[in-house]
1. In whole percent, how big is the carbon plus sulfur part of the accessible area of segment B:67-296, probe 1.4 Å, protein atoms only?
2. Under 5 Å between amide H atoms, partner at least 5 residues away or on a different chain: which partners does B:Asn82 have, H built in plane at 1.01 Å?
3. Ignoring ligands, DNA and RNA, how much accessible area is buried between chains C and B, both sides summed, with a 1.4 Å probe, to the nearest 100 Å²?
4. Calculate the spin-label point distance for A:Glu344 paired with A:Ile220, positioning each point 7 Å from the Cα along the beta-carbon direction, and give it in nanometres.
5. Counting DSSP beta bridges in the protein assembly as shown, what percent are antiparallel, to the nearest 5?
6. Express in whole angstrom the spacing between the alpha-carbon centres of segment A:273-343 and segment B:14-38.
7. Using label points projected 7 Å from each Cα along Cα→Cβ, tell me how many nm separate A:Asp123 and C:Leu56, to one decimal.
8. By a straight-distance test (C-alpha under 18 Å), which aspartates and glutamates pair with C:Lys96 as possible cross-link partners, with residues fewer than eight away in the same chain excluded?
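The values are calculated or read from the model by the stated rules, or taken from the named source; none is laboratory data. Given the structure is predicted, the values throughout are model-derived calculations rather than measurements. Backbone-built Cβ (ideal geometry, glycine too); neighbour counts: all protein chains shown. For accessibility, only protein heavy atoms count, side chains too; no ligands or nucleic acids. Shrake-Rupley method; radii C 1.70, N 1.55, O 1.52, S 1.80 Å.
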Amino acid sequence: MTMLKLRAMLALGTSAFVLAACQGEDAGDTTETIEDDTEETTDNGEDTAEENGEDTEDIDFSIAMITDEGGVDDRSFNQSAWEGMNEWADSHGLSNDHINYYQSDDAQDFIPNLNQAIAEDYDIIYGIGFALLDAISDVAEQNPDMQFGIVDEIVEMDNVVSLTFRDHEAAFLAGVAAAETTETGRVGFIGGISGTVIDRFEAGFRAGVAHVDEDITVDIDYAGSFTDASIGQQIAAVMYSNGADIVYHAAGAVGNGVFTEARNRLESDPDDEIWVIGVDRDQEEEGNWDDGNFTLTSTLKGVGASIESSANLAMDEGFPGGENIAYGLEEEGVDLTRGNLSDEVWDAVEEARQGILDGDITVPEAPDEL
Amino acid sequence: MLTKNNEKLYNFLVPILSIVLGFIFGAILMLFFGYNPILAYQAMFNGVLANPFFFGEAMRQATVLTFTGLGFAIAFKAGFFNIGVAGQVLVGWVTSIWVALAFPDLPRILLLTLSLTAALLVGAVWAGIAGVLRAYFGTNEVIVTIMLNYIALYLTNYLIRNVISTGGNTTERVGPNASLRVDWLTQLTQGSRLNAGLFIAIIVVALYWVFMTQTTAGFEVRAVGLNRFASTYAGMSAPRNIILSMFLSGALAGLGGAIHGLGTFGNIFTQSGLPGVGFNGIAVALLGLGNPVGIFFSAILFGVLDVGSGFLPNRAGVPDEMAEIVIAAIIFFVGANYLIRFLFEKVKTKKTATEGGE
Amino acid sequence: MSETNKVIEMKGITKKFGNFKANDNIHLDLKKGEIHALLGENGAGKSTLMNILSGLLEPTEGEIWVNGEKVSISSPDVANQLGIGMVHQHFMLVDKFTVTENIILGKEKHKFGFMDQATSQKDVKELSDQYGLRVDPKARISDISVGMQQRAEILKTLYRGADILIFDEPTGVLTPQEIEELMEIMNALVKEGKSIILITHKLDEIKKVADRCTVIRRGKSIDTVDVATTSQQELADMMVGRSVSFKVDKKPADPKEPVLEIKNLTVKEARGYDAVKAIDLDVKAGEILGIAGVDGNGQSELIQAITGLTKVDSGSIKLDGKDITNKKPRKITETGLGHIPEDRQRYGLVLQMKLEENMSLQTYYQKPFSNHGFLNHKEIKEHAKQLIEEFDVRTSSEENTASSLSGGNQQKAIIAREIYRNPALLIAAQPTRGLDVGAIEYIHKRLIEQRDHGKGVLLMSYELDEVMNVSDRIAVMYDGNIIAIVNADETNEKELGLLMAGVPLEKAHEQVTETEGKERETVANEK
């Protein structure tokens, strides 16, 4: 029998809450207890399941994911993927047996974890994050009959689907929002480990800020980690102390430290006007404090949605092996939440969004393209 | 007074008891939180031992842990607490990959020798820094090696991003000429990453034993470690031996890093933290009580635990956190075999203490 | 004997550690106002017995009565409350604190929450005057002499209300004059109604000060005797269990050319001041040169300089005609130096290593013990076996760790190792410290043997008896200088004692002859 996993339970709880919050009109009557939230998810699930028809238990399709070192409860990237898998299961009315995750504590765990999943014969095994590139390539080569997915990287093999994101587009919108909101004329960006993916965030954000006002300073720093929240807190402390009033992080679990720092500052000085911009998931919940909420907005990365849609695609039309599915604003694979943005700011964001969609604005993918 | 046989028996019993206690404590923890420990341990051992792939992975892990364990042990013998094994692993790892990528066309035997030797030397120098500082300036090696760990971490990440690769987080894969993989091992273990490092580890275990027990240099290292003053009186040079042992410690760790790089991964990627094999090597060494063969077997145990813990969530319903706590508890008891030693010692002194005079 | 005048009675005390009986049915009673000596060899069970009395150990069997009441001394606190106090061999004092602070430590007087130094100092002063313990209450421990430190230690137990004082080997670190003073203090304490147990293995002290003496041997109490009617020889024989010779048998020395020549040697100690001040010293082949002096007058530094363990600041040292100034210890050893270090467990042996390995601790790198860097375990073992046999080191196997040996046998092992190399000069620093009469006898014999083989021996000891009995010439060190070199058979304890206290030779000589003269006069007058 499947025992409920602690992390899964937590993840479900928060995801339900986030979903509810996302839906806007529902947010008002969402109570904050996890049980209620879970119920709501189930409700959502049932609704969709009904739409799809009741006879879904026959579906013999299961998917699994291998986390990167951040773990499934990183409140960011991996968690978003796991939430997507849960949604996918719910939408088909499938039980928890059809989805699973394998937690990696170290890079050397990737391959054993992949092999565990292979032994369980999942239809698609997703590697969450660019760190799994080599592991997925190796294992896909050794197991040509199995199907794999990789997020944020491209593997050109017939049994691997690559899911990538134009994160720079969402980051651009975050930059616009930050530039429009800042009072001090100084904002901060904290990256995890610099590389192709995080470069997109940095480039997009800086371009977005510059798009509004060239004179706004953007402090850039990298944590060198996606897991160490204490480094995130240190960097955020420096940035806020230096006068930045908005910090955007693209650093996975490191970002938890950024939220902690902002909360500490607000609790000691409630008049401080500081904000955090969340990443990958709607991180509004992380910004709750006694006097309100300090998550200005979050860039969304539809990791969960991409998994959901690729799994559906595989079920309906066959596995999109060898394809690279790139999700951008246009595909609604990335987005910016409304969050605590004022109306004028939101208007500016909407305007920029349109500019990108129309091709009037080209968002750079790497800082050196700026 | 303990006779020789008793002493041997006792040296054997202490680690066994530590392991048993660790498992019992882990079981109690699981019971307390409502999980079935028997099912869990079954999943763990079945998962690893009944499947060639996972057994291969456990042995691969044991290979690296043997190096880090031996590395820690040799410094420990000389009275040194080399907490910097992790950093030395990392510098060894990055060096081996760098060399392997720089000379891709050399013949395999030459390239492997070159890569491993370079890693060994860099690891040795890295640890040697702490040794020199300690020997000549009395600097606390624990603090120095911790700082060196962080320098190693950020230096490695810098090198990967800016020197070895161009802006990426991962280097290229080394060519087959620099890989430690051997086909028959891979096939035997159904595709695991177990590699020729295992044989190097076994050779090093033997060399370690020879060095420690059969050579004058090993004699000096042991004597200095056990009693610096008496050794100095006897004409040995304490600083020289401190540096030598630290040098060898780093060499072993660096070699372990190279085997991790050329055997396990075939490349290096930016690290968010120091490799866990470095720190687990400490526990491996303590469990093995500094005996090379003991270290080899405790490395295997740790390899099995490490790989086996992956089975707890999906096969026994024990959540990851719980699995990690259980493993940590086992490691704790294993590391705390000093506690068991202490208890033994207490019983022993009660039996044999003679009181009088001075 | 009336029960009431006994302040302590220990009846049938047995203490087992596993199967080993450290104390086996020991009886000891202490009368009010007496000094009761507890005599025994090392390992005889004296400390176990006293640890039981001071609450550190609980007896397996037996009863303890204090002041006519049966008590159970379960902890040192209980012992304290019963008025039992211990003057430790190694002083339990905080160096940086004043005498007063040390004495009141843990029993501080408070005034509005502040330490009341003034009252405490007055208390300490009164207490020290009462018993004739001349102590400066305001002096820092690190600034006062060892003798005064010991008096502070005694005051500490008195301050805590002790009526029964246990002195654990109190004279080991004192000069003869200080020992005299201590004896007077003990007498004064007894006059004031205190009772004293004196743990010692020095027979002359017992003769001088104790009323009765209980001898224990191998955990059993052998007898309790009246000291006045028992001779030293009888006490020693009781302690060892056989007849012991006190006299060190030796022929006159036959000194030849010097093996050790020290010229104008200055050595700085760790904190940077001169510990050895421009001294000249020769040791000749075929003689034993003793170095006498109170601990801390530069002896240790002198020896460390000769053995290469400390840097020589200026001057030169020649061994066997070769310059060894500031050479590495190994080089000096190879030139022909044997060294029995002061602290055998710290400097002489690697305790956790096997005895056989310890036997080759300096020679392991030479043939035949190793070849091209590889040890020859067979040779090492053979060598160890031979030494064990030849020097009568008692152990069940050469593979036992050095720590498993008794103190005497550890020392024998070191001596075996050092003498076997047949060095031109053998330095023996405190070679008999903490050893019992039997072992001392053996070691002295070996040192003299070495001399008779035409080697030089440098003997450093804080025990005057030892220096006087074994040496041919005696150099007295005081404050880093060699204040005098005298022939052993032309001096006496009093003269040496004065020299050790820094009195120049002529003056010391005068004083001694004067007092001797007076004594002769009094004897004559009495007649």
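1. Answer for segment B:67-296 is 70 percent, counting heavy atoms of protein chains only.
2. Sorted by chain and number, the residues that satisfy this are B:Phe76.
3. 3200 Å²
4. Going from the A:Ile220 label point to the A:Glu344 one covers 2.9 nm.
5. Here the antiparallel bridges make up roughly 45 percent for the protein assembly as shown.
6. Cα centres, segment A:273-343 to segment B:14-38: 42 Å.
7. 7.8 nm
8. Within reach: C:Glu108, C:Asp136, C:Asp143, C:Glu153.
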